[in-house]
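Below: one structure, written as structure tokens.
The values are calculated or read from the model by the stated rules, or taken from the named source; none is laboratory data. The structure presented is a predicted model; accordingly, all values stated were derived computationally and were not measured. Using ideal geometry, Cβ is built from the backbone for each residue, glycine included, and neighbour counts are taken over all protein chains shown.
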Amino acid sequence: MVSEAPPFWWQESDWRARGLWPFAWAYGQVARTRMERGRRERLPVPVICVGNFTVGGAGKTPTTLALAEAARKKGRKPGILSRGYGGTMDGPVRVDPSHHRAKDVGDEPMLLAERAPTVIASDRVRGARALLGEGVDMILMDDGFQSARIDSDYALLVIDAARGIGNGHIIPAGPVRAPVADQIRHATALLTVGSGGAAGAMVRSAARAGKPVHEAHIVPRDGQRFAGKRVFAFAGIGDPGRFYRTLTDCGAQVVRHRNFGDHHPFVDEEMVELMKLADADDLQLVATEKDVVRLRGLHGEAERLAARTWPLAIEMVFDQPAVPASIVDRAVARFKEKQLNGERG
């Protein structure tokens, strides 16, 4: 899976996208076949899949955490299944934030594991079975929608309202992971995150298909800390622009910023330069939680940079607060319906 999207994917379609169309068509046909004919493993617990239409960040991780919290409040024991992008371990591995490092298991699983039992696995079926062995009674899949490896009871597709699906083309001509119509058909509902009209066409398509559309916003947990601060912000995530906008909304003055690729493994030269530039302009270093967690547990320049960098902690807040609990209820109801119909193993 591609993790770092070239800039032209998020611009109006041009000669680069058109030149790659034959490859995109072939990729789309494979993705469509996999989604239509994939042998999905049936699990003995309800499964909620949180995915997105495109490569890159759209808010899956904070959405997964919000659903995990809703499940806990309903008395369930949710576990989270992740691919572990950015890590070196294939798994299945139960993530232990006090023992593992982001370079081993990935940055997102480190954050997820602080809130719920989390297993990473390149083989999602083996990972799900490992989670079952941990005693969970509900599985939340962070990504994995297009892989069609596990039968889900509720598939929520997250889309950034400001970026939408970029130029609308399939990989490698654009950021879309599979034909949009097929993705909507297999989804249960859509979640638009943030403000903007770029997701309008997707919302209308979902509405025509009878799919519910929910809305949410990413909110800083300690935004007041950044008010009035002159900062040097750096980010190795799918959409760094959203991070910078969030900082500005908190009242921070983003004097400098530096973009890195998604899940970027920082090297000493980069870290030294970040600290030197911050010192030169007397700026506070700020990064996302994902970026800071990649630095923790390491030594040398990484340890110094982590100590000097403020993480921006965020959470997903649904416009209708009852939605996360209703998604959990719908997943459980669908799971029970499948059991009655003999669809579950």
Among the numbered criteria (1) within 18 Å of the chain's Cα centre (by Cα); (2) outside the structural domain of Asp282 (by TED's automatic domain parsing); (3) charged (D, E, K, R), which single criterion is violated by Arg242? (2)
Collect the residues in the range 200-230 that are touching a residue at least 60 places away in the same chain (Cβ under 8 Å), over 24 Å from Pro321 (Cα atoms) and either in contact with a helix residue (DSSP H, G or I) (Cβ under 7 Å, 6 or more places away or on another chain) or in a strand (DSSP E or B) (or both), keeping them in residue-number order. Phe226
Which residues, taken from the range 121-162, are closer than 15 Å to Asn52 by Cα and crowded, with 23+ Cβ neighbours inside 10 Å? Leu140, Met141, Asp142, Phe145, Ser152, Tyr154, Leu156, Leu157, Val158, Ile159, Asp160
I'm told Lys73 meets every condition in (1) surrounded by fewer than 18 Cβ atoms within 10 Å (Cβ to Cβ); (2) more than 28 Å from Gly194 (Cα to Cα) except one. Can you identify the failing condition by its number? (2)
Extreme residue, nearest to His186 (Cα to Cα), among residues of the range 28-61 that are touching a strand residue (DSSP E or B) at 6+ places or on another chain (Cβ under 8 Å) and surrounded by fewer than 20 Cβ atoms within 10 Å (Cβ to Cβ): Arg40
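Within the range 85-130, work out how many residues are of a type in the set (Gly, Ala, Ser) and touching a residue at least 60 places away in the same chain (Cβ under 8 Å).
Total satisfying the criteria: 4.
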Among the residues of the range 70-79, are any out of contact with any helix residue (DSSP H, G or I) (no Cβ under 6 Å at 6 or more places or on another chain) and part of a helix (DSSP H, G or I)? yes
When both residues are 6+ apart or on different chains and their Cβ atoms are under 6 Å apart, which pairs have a first residue that lies in the range 284-306 and is not assigned by TED's automatic domain parsing to the domain that holds Thr246 and assigned to a helix (DSSP H, G or I), and a second that is of a type in the set (A, V, I, L, M) and surrounded by fewer than 24 Cβ atoms within 10 Å (Cβ to Cβ)? none
Could we say that Thr192 is over 21 Å from Trp9 (Cα atoms), among the polar types (S, T, N, Q) and crowded, with 17+ Cβ neighbours inside 10 Å here? no
Would you mind stating whether Arg242 is of a type in the set (D, E, K, R), in contact (Cβ under 8 Å) with a residue 24 or more places away in the chain and under 25 Å from Gln224 (Cβ atoms)? yes
Per the filter on the range 227-247, residues more than 24 Å from Val272 (Cβ to Cβ) and surrounded by 14 or more Cβ atoms within 10 Å (Cβ to Cβ) are Gly238, Asp239, Gly241, Arg242, Arg245, Thr246
Any residue that is out of contact with any strand residue (DSSP E or B) (no Cβ under 7 Å at 6 or more places or on another chain), closer than 15 Å to Gly236 by Cα and touching a residue at least 40 places away in the same chain (Cβ under 8 Å) - is there at least one of those in the range 265-278? yes
Only one of Gly228, Gly166, Gly174 that is at pLDDT 90 or above and over 20 Å from Gly51 (Cβ atoms): Gly228
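Tell me, yes or no, whether the range 152-159 has at least one residue that is within 30 Å of Asp281 (Cβ to Cβ) and either more than 20 Å from the chain's Cα centre (by Cα) or touching a residue at least 12 places away in the same chain (Cβ under 8 Å) (or both).
No, every residue in the range 152-159 fails to be within 30 Å of Asp281 (Cβ to Cβ) and either more than 20 Å from the chain's Cα centre (by Cα) or touching a residue at least 12 places away in the same chain (Cβ under 8 Å) (or both).
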Residues in the range 146-197 that are of a type outside the set (D, E, K, R) and not in a loop (DSSP other than H, G, I, E, B): how many? 19
Given the options Ala206, Ala173, name the one that is closer than 20 Å to Arg18 by Cβ, more than 18 Å from the chain's Cα centre (by Cα) and buried (at least 19 other Cβ atoms within 10 Å of the Cβ). Ala173
Considering only residues that are surrounded by 15 or more Cβ atoms within 10 Å (Cβ to Cβ), among the hydrophobic types (A, V, I, L, M, F, W, C) and either modelled with pLDDT under 90 or not in a strand (DSSP E or B) (or both), which ones fall in the range 248-280? Cys250, Ala252, Phe260, Phe266, Met271, Leu274, Met275, Leu277, Ala278
